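> First the structure, which I've put down as C-alpha cells, then a few questions once you've had a look.
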C-alpha cells in the first residue's frame, strides 16, 4: 500500500508552533471502502482550521497540518491507543461517529496490517516532525510553545451535555504549560463578545499532554473552537464569512498573546 505526504509543515521563526491534527480530509482507499455514506462526508473533521489561521505564516509562526482524516488514524491519540478520558471517547482508529453511529458498513472488518501501516506512515512521521520542530524552537529561544488547534460542534451529546462555550482552552488542568500562558490567553479574549472556559470538558488530548512539559521548557496549549463561531448553521460545513470576519481577529489576538508571552525565566 502507498501513502501520500502525511502532513504539511511550514517552519516559523517565533517561539510558537501550531499543530492541526484533525483538519485533514484524505482517506486511504482501504478506509474509504469500509465507510457508510454519512462517514464519507467526514462530519467530525475540524473544518476549515487552516483557513481560519492563514495569518500564521505572516506572523512567523510555524505550522504542522495533517493531510489525512482522523477516520484513517487519529493523531491526537497515543500510539498504544490507551484511553485518554474516563468517559466516552474515540480511539486511535475510530469506529463510531460523534453521534455514536457505527462508521462502517455492515460486516466491514478492520485491517490490522493497514492500521500498522498508518501508524508507520502517518502517525509517527507527524509526531517526529512535531518533536523536531519543538526541539529547534527550544534551542533558539530557550523554550517552546505548542498550540494545538481544534474545532468542534457546539453540541455533541456523546461527549458533553448542553452547549459548549465559544473558546475552550485546555492545558491538561494546568500541567502542560506555565500559568502565565493561560492567563495571557484569557486576557486576550476577555474583552470580546465570545464566551470562554479553561480546562472545562476539553483539557487537551494526547498532543497537549505528551508534549507539554513545562519543567523542560516546552509548553502546550489546546483550543477547541466552537464551530458556531465561524460556520454556517445550515449543516453544510460551509464557512460563514460574516462570522469569520469577527472571530479571526480574536484568534489572531490569542496567538499574538502567546507569542508575546516571554517564558525565558520559567
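> Which residue, of 239, 258, is at pLDDT 95 or above, in contact with a helix residue (DSSP H, G or I) (Cβ under 9 Å, 6 or more places away or on another chain) and under 30 Å from residue 83 (Cα atoms)?
258
> Which of the residues spanning segment 189-214 are closer than 17 Å to residue 137 by Cβ and over 17 Å from the mean Cα position of the chain (by Cα)?
Passing the criteria: 213, 214.
> Then there is this: So is residue 145 more than 30 Å from residue 228 (Cβ to Cβ) and surrounded by 18 or more Cβ atoms within 10 Å (Cβ to Cβ) or not?
No, not satisfied.
> Name the helices (runs of 4 or more DSSP H) wholly inside segment 104-221 in which the number of residues that are under 19 Å from residue 17 (Cα atoms) and in contact (Cβ under 8 Å) with a residue 60 or more places away in the chain is 2 or more.
Result: 124-141, 179-190, 206-211.
> Criterion first (outside any helix (DSSP H, G or I) and either on the phi > 0 side of the Ramachandran plot or surrounded by 14 or more Cβ atoms within 10 Å (Cβ to Cβ) (or both)) does residue 261 satisfy it?
yes
The values are calculated or read from the model by the stated rules, or taken from the named source; none is laboratory data. Being a predicted model, the structure only gives us computed values, none of them experimental. Positions of Cβ are backbone-derived with ideal geometry, glycine not excepted, and every protein chain shown enters the neighbour counts.
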